[in-house]
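As C-alpha coordinates, the structure follows; a few thoughts come after it.
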Amino acid sequence: MPSHCRGSSGYCGVRQRPSDAFDAEIRSGDVRLGLGTFETAHEAARAYDAAVWRLGRPRPQMNFQKVWTCEQAQAVAPPSLLITNADRQEHHRHQCHLLNALADERAMAEWRQCHPEDVANKNAFWAERRARRRVEWANMRRRKALVISQCDL
(Lines give C-alpha, C1' and ligand atoms only; values in the text may rest on other atoms or scores of the structure.)
Protein backbone atom coordinates (compact mmCIF):
# COMPACT_ATOMS: atom_id res chain seq x y z
CA MET A 1 0.00 0.00 0.00
CA PRO A 2 1.34 3.48 -0.76
CA SER A 3 2.66 5.26 2.30
CA HIS A 4 0.68 8.43 1.53
CA CYS A 5 -2.57 6.64 2.51
CA ARG A 6 -1.34 5.84 5.98
CA GLY A 7 -1.64 8.52 8.62
CA SER A 8 0.35 8.94 11.80
CA SER A 9 -1.50 5.92 13.20
CA GLY A 10 0.18 3.68 10.64
CA TYR A 11 -3.14 2.59 9.12
CA CYS A 12 -5.04 3.83 6.10
CA GLY A 13 -8.31 5.60 6.98
CA VAL A 14 -7.42 5.97 10.67
CA ARG A 15 -6.45 9.12 12.51
CA GLN A 16 -5.71 9.82 16.13
CA ARG A 17 -7.70 12.38 18.04
CA PRO A 18 -6.15 14.68 20.67
CA SER A 19 -8.03 12.61 23.27
CA ASP A 20 -5.95 9.56 22.20
CA ALA A 21 -9.01 7.94 20.61
CA PHE A 22 -8.84 6.79 17.00
CA ASP A 23 -11.33 7.70 14.28
CA ALA A 24 -11.92 5.56 11.21
CA GLU A 25 -13.38 7.07 8.05
CA ILE A 26 -13.58 6.21 4.38
CA ARG A 27 -14.37 8.31 1.35
CA SER A 28 -16.90 7.23 -1.22
CA GLY A 29 -16.91 9.74 -4.04
CA ASP A 30 -17.49 13.18 -2.54
CA VAL A 31 -18.92 11.75 0.68
CA ARG A 32 -16.84 11.11 3.77
CA LEU A 33 -18.27 8.25 5.82
CA GLY A 34 -17.38 8.24 9.52
CA LEU A 35 -17.03 4.69 10.80
CA GLY A 36 -16.77 5.51 14.48
CA THR A 37 -14.34 6.20 17.29
CA PHE A 38 -12.24 3.39 18.71
CA GLU A 39 -9.89 2.90 21.63
CA THR A 40 -7.05 1.47 19.53
CA ALA A 41 -5.75 2.12 16.03
CA HIS A 42 -5.99 -1.61 15.32
CA GLU A 43 -9.78 -1.66 16.00
CA ALA A 44 -10.26 1.42 13.81
CA ALA A 45 -8.22 -0.18 11.01
CA ARG A 46 -10.39 -3.32 11.22
CA ALA A 47 -13.54 -1.17 10.89
CA TYR A 48 -11.98 0.57 7.88
CA ASP A 49 -11.20 -2.82 6.28
CA ALA A 50 -14.79 -4.00 6.80
CA ALA A 51 -16.03 -0.82 5.09
CA VAL A 52 -13.60 -1.36 2.20
CA TRP A 53 -14.96 -4.89 1.83
CA ARG A 54 -18.60 -3.74 1.98
CA LEU A 55 -17.96 -1.05 -0.65
CA GLY A 56 -16.49 -3.68 -2.97
CA ARG A 57 -13.07 -2.12 -3.20
CA PRO A 58 -9.97 -4.17 -4.06
CA ARG A 59 -8.13 -5.97 -1.28
CA PRO A 60 -4.90 -3.95 -1.72
CA GLN A 61 -6.76 -0.93 -0.30
CA MET A 62 -7.24 -2.77 3.00
CA ASN A 63 -4.96 -2.48 6.00
CA PHE A 64 -5.09 -6.23 6.67
CA GLN A 65 -5.28 -8.07 3.37
CA LYS A 66 -5.89 -11.58 4.71
CA VAL A 67 -9.67 -11.23 4.49
CA TRP A 68 -11.00 -13.50 1.74
CA THR A 69 -14.74 -13.76 2.44
CA CYS A 70 -17.57 -11.51 3.52
CA GLU A 71 -17.94 -13.56 6.72
CA GLN A 72 -14.32 -12.87 7.62
CA ALA A 73 -14.86 -9.14 7.01
CA GLN A 74 -17.96 -9.17 9.23
CA ALA A 75 -16.08 -11.06 11.95
CA VAL A 76 -13.20 -8.59 11.75
CA ALA A 77 -15.44 -5.61 12.43
CA PRO A 78 -19.21 -5.71 12.88
CA PRO A 79 -21.21 -3.21 10.83
CA SER A 80 -20.90 0.23 12.32
CA LEU A 81 -23.10 3.25 11.98
CA LEU A 82 -21.95 5.21 8.95
CA ILE A 83 -22.01 8.94 9.60
CA THR A 84 -22.21 11.13 6.51
CA ASN A 85 -21.89 14.90 6.20
CA ALA A 86 -25.68 15.06 5.79
CA ASP A 87 -26.04 13.22 9.13
CA ARG A 88 -23.71 15.73 10.75
CA GLN A 89 -25.74 18.64 9.34
CA GLU A 90 -28.99 17.07 10.58
CA HIS A 91 -27.45 16.56 14.03
CA HIS A 92 -26.28 20.20 14.06
CA ARG A 93 -29.79 21.36 13.09
CA HIS A 94 -31.30 19.32 15.93
CA GLN A 95 -28.76 20.74 18.36
CA CYS A 96 -29.71 24.30 17.28
CA HIS A 97 -33.42 23.51 17.83
CA LEU A 98 -32.60 22.10 21.25
CA LEU A 99 -30.64 25.21 22.20
CA ASN A 100 -33.55 27.40 21.06
CA ALA A 101 -35.98 25.33 23.13
CA LEU A 102 -33.76 25.64 26.20
CA ALA A 103 -33.52 29.42 25.69
CA ASP A 104 -37.32 29.58 25.41
CA GLU A 105 -37.72 27.62 28.65
CA ARG A 106 -35.30 29.95 30.44
CA ALA A 107 -37.15 33.01 29.13
CA MET A 108 -40.51 31.58 30.25
CA ALA A 109 -39.11 30.78 33.72
CA GLU A 110 -37.82 34.33 33.99
CA TRP A 111 -41.20 35.69 32.85
CA ARG A 112 -43.04 33.60 35.45
CA GLN A 113 -40.71 34.92 38.13
CA CYS A 114 -41.19 38.55 37.10
CA HIS A 115 -44.97 38.32 36.51
CA PRO A 116 -46.58 35.99 39.08
CA GLU A 117 -49.99 37.58 38.46
CA ASP A 118 -49.97 36.20 34.89
CA VAL A 119 -49.26 32.72 36.24
CA ALA A 120 -52.13 33.05 38.72
CA ASN A 121 -54.50 34.27 35.95
CA LYS A 122 -53.48 31.38 33.70
CA ASN A 123 -54.02 28.81 36.47
CA ALA A 124 -57.42 30.35 37.28
CA PHE A 125 -58.44 30.23 33.60
CA TRP A 126 -57.57 26.53 33.27
CA ALA A 127 -59.28 25.66 36.57
CA GLU A 128 -62.47 27.43 35.43
CA ARG A 129 -62.31 25.70 32.04
CA ARG A 130 -61.89 22.27 33.65
CA ALA A 131 -64.90 22.96 35.89
CA ARG A 132 -67.03 24.05 32.88
CA ARG A 133 -66.00 20.94 30.94
CA ARG A 134 -66.90 18.66 33.85
CA VAL A 135 -70.35 20.24 33.99
CA GLU A 136 -70.77 19.88 30.21
CA TRP A 137 -69.69 16.24 30.30
CA ALA A 138 -72.04 15.51 33.19
CA ASN A 139 -74.93 17.14 31.27
CA MET A 140 -74.04 15.16 28.15
CA ARG A 141 -73.98 11.88 30.10
CA ARG A 142 -77.30 12.77 31.71
CA ARG A 143 -78.93 13.54 28.33
CA LYS A 144 -77.50 10.35 26.84
CA ALA A 145 -78.83 8.28 29.73
CA LEU A 146 -82.25 9.96 29.30
CA VAL A 147 -82.32 9.15 25.58
CA ILE A 148 -81.33 5.54 26.22
CA SER A 149 -84.00 5.15 28.92
CA GLN A 150 -86.67 6.57 26.55
CA CYS A 151 -85.64 4.12 23.82
CA ASP A 152 -86.07 1.18 26.19
CA LEU A 153 -89.71 2.10 26.84
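Filter the range 18-56 for residues that are of a type in the set (Lys, Arg) and either assigned to a loop (DSSP other than H, G, I, E, B) or within 15 Å of Thr84 (Cα to Cα) (or both) and give the result. Of everything in the range 18-56, those that are of a type in the set (Lys, Arg) and either assigned to a loop (DSSP other than H, G, I, E, B) or within 15 Å of Thr84 (Cα to Cα) (or both) turn out to be Arg27, Arg32.
When the range 16-56 is limited to residues that are β-branched (Val, Ile, Thr) and free of Cβ contacts under 8 Å to residues at least 24 places away in the same chain, the one that is nearest to Lys66 (Cα to Cα) turns out to be Thr40. The single residue among Ala101, Ala124, Ala77 that is under 27 Å from the mean Cα position of the chain (by Cα) and modelled with pLDDT of 80 or more turns out to be Ala101.
Among the conditions (1) out of contact with any helix residue (DSSP H, G or I) (no Cβ under 9 Å at 6 or more places or on another chain); (2) at pLDDT 85 or above, Trp111 misses just one, which is (1).
Going by the structure shown, is Asn63 modelled with pLDDT of 75 or more and in a loop (DSSP other than H, G, I, E, B)? It would help to see each step written out before you state the result.
Values: modelled with pLDDT of 75 or more: yes; in a loop (DSSP other than H, G, I, E, B): yes.
For Asn63, the condition - modelled with pLDDT of 75 or more and in a loop (DSSP other than H, G, I, E, B) - is met.
The residues listed here are Arg54, Arg129, Arg133; of these, the one that is modelled with pLDDT of 75 or more, under 30 Å from Leu35 (Cα atoms) and surrounded by 10 or more Cβ atoms within 10 Å (Cβ to Cβ) is Arg54.
The values are calculated or read from the model by the stated rules, or taken from the named source; none is laboratory data. Note that this is a predicted model, so its numbers are computed, not measured. Note: ideal-geometry Cβ built from the backbone for every residue, glycine included; neighbour counts use all protein chains shown.
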